[in-house]
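The values are calculated or read from the model by the stated rules, or taken from the named source; none is laboratory data. Computed from a predicted structure; not experimentally measured. Reconstructed Cβ throughout: ideal geometry from the backbone, glycine too, with neighbour counts over all protein chains shown. Quick note on the areas: whole protein, heavy atoms, side chains included, nothing else; ligands and nucleic acids left out. Shrake-Rupley method; radii C 1.70, N 1.55, O 1.52, S 1.80 Å.
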Number of protein chains: 2
Amino acid sequence: MQRIAVEDRRAALLAAAVRVIARGGMARASTRAIAAEAGMPTASFHYVFTSHAAMVEELVAAILAAQSVAVAGSVAEAGSLREFVGGALQGWLDRAAEDPEVEVALHEIVAWSRSSAELRRLAERVYDGYAGSIGAFVRAAEERFAVRWAVPREDVARFVLVITDGVAARWLVDRDDAAARRSLATGAGAVLGLVEA
Amino acid sequence: MQRIAVEDRRAALLAAAVRVIARGGMARASTRAIAAEAGMPTASFHYVFTSHAAMVEELVAAILAAQSVAVAGSVAEAGSLREFVGGALQGWLDRAAEDPEVEVALHEIVAWSRSSAELRRLAERVYDGYAGSIGAFVRAAEERFAVRWAVPREDVARFVLVITDGVAARWLVDRDDAAARRSLATGAGAVLGLVEA
DNA sequence: CGCGGAGTTGGACGCTCGTCCAACTCCCGG
DNA sequence: CCGGGAGTTGGACGAGCGTCCAACTCCGCG
């Protein structure tokens, strides 16, 4: 019965939601399970969020915002294009491996969003967020190292996302950090191969 | 009330399940929805399958068997390593694009299988199936074109799967066939780059 | 022609879900 | 010190879920 600021409840429920989703998938991420994880009665959920779907939308927005900040920081220092590309990909993996629940939750939400037509916009927003972050990274590489790509810039960004997505999908199943790191190193080499000689 | 052979019911229900899963995701693929899609009463579902989970397992096994047959056929004629690699990847995309529901359903099942610990073995089996098919393809390339890889054979196979998985994940969201084709062409070039000079 | 077992299915059981509201508690302005 | 609005929540509602079984129908064998 303790009184808690609505913003604090919101933050606690969002954090609890990430844990519940990562643990048992969207299928088990009910309002009851999330509220219990946060140590609140079920009814508190609907005092903070208008609906279960609205809470998922807020969660996605929060995760995407945090990720785009993190990516911007990881390209700060790099002496060569090789360091830049490799550092960005391995940096992405380091962050994902260090706090896997957020990564798992995001993939889970994207898969779950296919269950209805209006939810599908959510998945598109996630990929727009990804594309924006990676597009900024590709442009930064062009400016810092005077790179010209053998394919359109948009295809470079798309290929980078193919690699990170493919690695993440496999890692979600086998949790093999070392293999993910090797795949990412191979992928970094492939991206470097897209540079015009 | 018409009498139908159990095998025919089984096939009809599996086909209906693929359609329902592709249309609305695992979340909406209830026994009632699948039976209705197949034009049967709900109770027929449990006359054929012991449970909903058992039906999903049979579905996965059937899809994997069909896919491994298809992949084996696509590497039949190829004059060069470039044709071999490019043909296999584009061939995979052609089959997936021609009959997207099966591909969608399989990805949906893998995502859904994270909701419980014992189901997680299902996802592992799917990836074992993929790895087997792609491993055979990599070995065939070695024998037919006397290829030596710059990285272990297992990592080549893993990287190919990263590419197909990443392309599929993106295509599931934006359904952009042309972009998928370009990403796959870039990926084929990257695989060729793994050949020892 | 009749009977027994196989095939078939309507309906019910117990459960979880998202959502909501009436009732309770608490704090602050007067 | 007290009244009232804001904060809080137990419990209920209807819907959908997987599963099961008793009862019905039908066919082939004797």
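Descriptive notes on the structure:
- Peptide ranges A:153-162, B:40-49 listed from the most packed, as the mean C-beta count within 10 angstrom indicates: A:153-162, B:40-49
- GNM remark for chain B: springs join alpha carbons under 10 Å apart, and the peak mean-square fluctuation among B:G79, B:G25, B:G166 falls on B:G79.
- Annotation for the stretch B:4-21 versus the stretch B:120-197: alpha-carbon center distance of 31 Å.
- A/B buried area, accessible surface, summed, 1.4 Å probe, Å²: 3300
- For residues of A:144-152, the mean tally of beta carbons on other chains within 10 Å: 1
- Highest-fluctuation residue, B:A54, B:A111, B:A12 considered, GNM on chain B with Cα pairs under 10 Å: B:A54
- The protein assembly as shown - charge dipole about Cα centre, Lys and Arg +1 at Cβ, Asp and Glu -1, debye rounded to 20: 660
- Taking the C-alpha atoms only, the angle from helix B:100-112 to the longest principal axis of chain B is near 80 degrees.
- Rolling a 1.4 angstrom probe over the protein heavy atoms with all chains in place gives chain A an accessible area of 47 Å² per residue.
- Shielded by partner chains, the stretch A:153-172 residues - at least 50 Å² of accessible area, 1.4 Å probe, vs chain alone: A:D155, A:R158, A:F159, A:V162, A:R170
- Per-residue shielding of A:11-22, expressed as the average number of other chain Cβ atoms within 10 Å of the residue Cβ, stands at 0.
- Projecting the Cα positions of A:I4, A:A169, A:F45 onto the charge dipole of chain A (unit charges on Cβ atoms of Lys, Arg, Asp and Glu, taken about the Cα centre) puts A:F45 furthest along the positive direction.
- Helix B:153-174 axis, angle to chain B major axis (alpha carbon atoms, nearest 10°): 50
- Using a probe radius of 1.4 angstrom, the carbon and sulfur fraction of the accessible surface of the stretch A:1-49 is 53%.
- Rolling a 1.4 Å probe across all protein chains gives B:E58 an accessible area of roughly 70 Å².
- Pairwise Cα separations in chain B fall into 5 Å bins from 0 onward with the following percentages, short to long: 1, 7, 15, 17, 17, 14, 11, 8, 5, 3, 1, 0, 0, 0.
- Taking only the alpha carbons of the stretch B:142-197, we obtain Rg and Dmax values of 13.0, 38 Å in that order.
- With contributions of -39500 (n - 2.57) from each DSSP H run of at least four residues, the per-residue ellipticity at 222 nm computed over chain A stands at -25500 deg cm²/dmol.
- Of all accessible heavy-atom area on the stretch B:109-197, the percent that carbon and sulfur account for (1.4 Å): 53
- Taken residue by residue and averaged, Cβ atoms of other chains lying within 10 Å of the Cβ of B:173-186 number 4.
- Between helix B:120-145 and chain B: long-axis angle, C-alpha atoms, 0 to 90°, nearest 10: 30
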